[in-house]
Amino acid sequence: MTPGRKHAHPGHGGQIETVTWNPTSGCDTVSPGCERCYALIFAKRLKAMGNPGYQHDGDPRTSGPGFALTLHPDRLDRPLRWRTPQLVFVDSMSDLFHPRVPDDFVAAVLDTMRRAERHTFFTLTKRPARMAHLLNRLRPEPLPNAWWGTTVEDNDHTRRCARLLATPASVRFLSLQPLLGPLPDLDLTGIDWVYVGGESGTGHRRMHPDWVRDIRDRCTVAGIPFLFKQWGGRTRNAGGRVLDGRTWDQTPPAYRNPDGN
Ligand code: SF4
């Protein structure tokens, strides 16, 4: 069996080819970075199209049509059926560490990652405190094929970094997307990969180039791979992805393309 549609990087645009695996779907907003959540918008369309995975509506104050937190136990073993090695973005349409995902279900997701050792899984959350707590309890020995990350969209949320550092992980990454302000308090110690992106869509919030330069320069000094995804704008590709005359596409040392590069 081959996996479904391939994406360029973690579901948000970019240069690394990934497949997605959504053992859960739906979510609730937690911070300013969620304001234009692409998954929330996309779930509404999927519901209208009759997609059976997106028929439950979430709380209109924090979620939306088709975006209620939903478990999909029938999808748990999907990666085991993909024969060729893949870079798998986990829960592009959800947050695995949402409080309504039971501990046992997270344990089952981890078990699939363990058994599907030919793949590399990467999981991004805005709830790193629960991630740290659960992984310390369920999998204190880091899975070599799992990368764990958190989002920091503004300086008020740099504390998420400390939770990420408390997570047992072979690779820890930061998604600074949508970057909504400068991050003077962000400490990159212990981080293995950073990517930055601007917001897109109607009413998108602009990203100042100096905020990006500051992160890039600190990554360069610290030897941390840095990837610049896009400036954002009315559409995702509207502003391009060139920063100071070039593109930035560094990936963690652990990353290997399916062809071995
Ligand atoms: S945490 Fe992620 S998936 Fe959940 S609402 Fe926010 S941006 Fe969307």
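Take the Cβ atoms of Arg213 and Ser170, set R0 to 45 Å, and the FRET efficiency comes out at 0.95. The amide H of Phe89, built 1.01 Å from its N in the peptide plane, has Val19, Thr20, Trp21, Phe122 as neighbours under 5 Å, considering only residues 5 or more places off or on other chains. Answer rounded, prolate or oblate for the chain, using the Cα gyration tensor with square roots of eigenvalues a ≥ b ≥ c: rounded when a/c is under 1.5, else prolate when a/b is larger than b/c, else oblate. Verdict is rounded for the chain.
Contact order for the chain, expressed relative to its length and based on alpha carbon pairs under 8 Å spaced 6+ residues apart, stands at 14 percent.
In the stretch 168-261, the DSSP beta bridges split such that about 20 percent are antiparallel, to the nearest 5. By the beta-carbon count within 10 Å of each Cβ, the least crowded to most crowded order of Asp77, Asp217, fewest first, is Asp217, Asp77. Between Ala162 and Arg118, the simple label model (points 7 Å from Cα in the Cβ direction) yields a spacing of 4.3 nm.
Summary of the geometry: the stretch 194-261 and the stretch 144-193, compared by the centres of their Cα atoms, lie 15 Å apart.
Backbone geometry of the stretch 241-255 corresponds, through the Karplus equation with coefficients 6.51, -1.76 and 1.60 at θ = phi - 60°, to 3J(HN,Hα) couplings of 9, 8, 10, 6, x, 7, 9, 10, 10, 6, 10, x, x, 6, 6 Hz, x marking Gly and Pro.
Extension gain for Arg75-Ala238 works out to 55.2 nm (0.36 nm per residue, less the C-alpha to C-alpha distance). Of the residues Phe89, Phe173, Phe105, the one that moves most in a GNM of the chain with alpha-carbon contacts below 10 Å is Phe105. A cut-off of 5 Å between modelled amide H atoms, ignoring neighbours fewer than 5 places along the same chain, links Ser200 with Gly233.
Antiparallel beta bridges, as assigned by DSSP with both residues in the chain, represent about 20 percent of the total such bridges.
Amide H contacts of Leu143: Ser170, each under 5 Å away and 5 or more positions distant or on a separate chain (H built 1.01 Å from N in the peptide plane; Pro and chain starts excluded).
Throughout, read-outs are computed from the coordinates displayed, never taken from laboratory work. In this text, all values refer to a predicted model and were calculated from it rather than measured experimentally. No Cβ is skipped: glycine too gets one built from the backbone with ideal geometry, and neighbour counts run over all protein chains shown.
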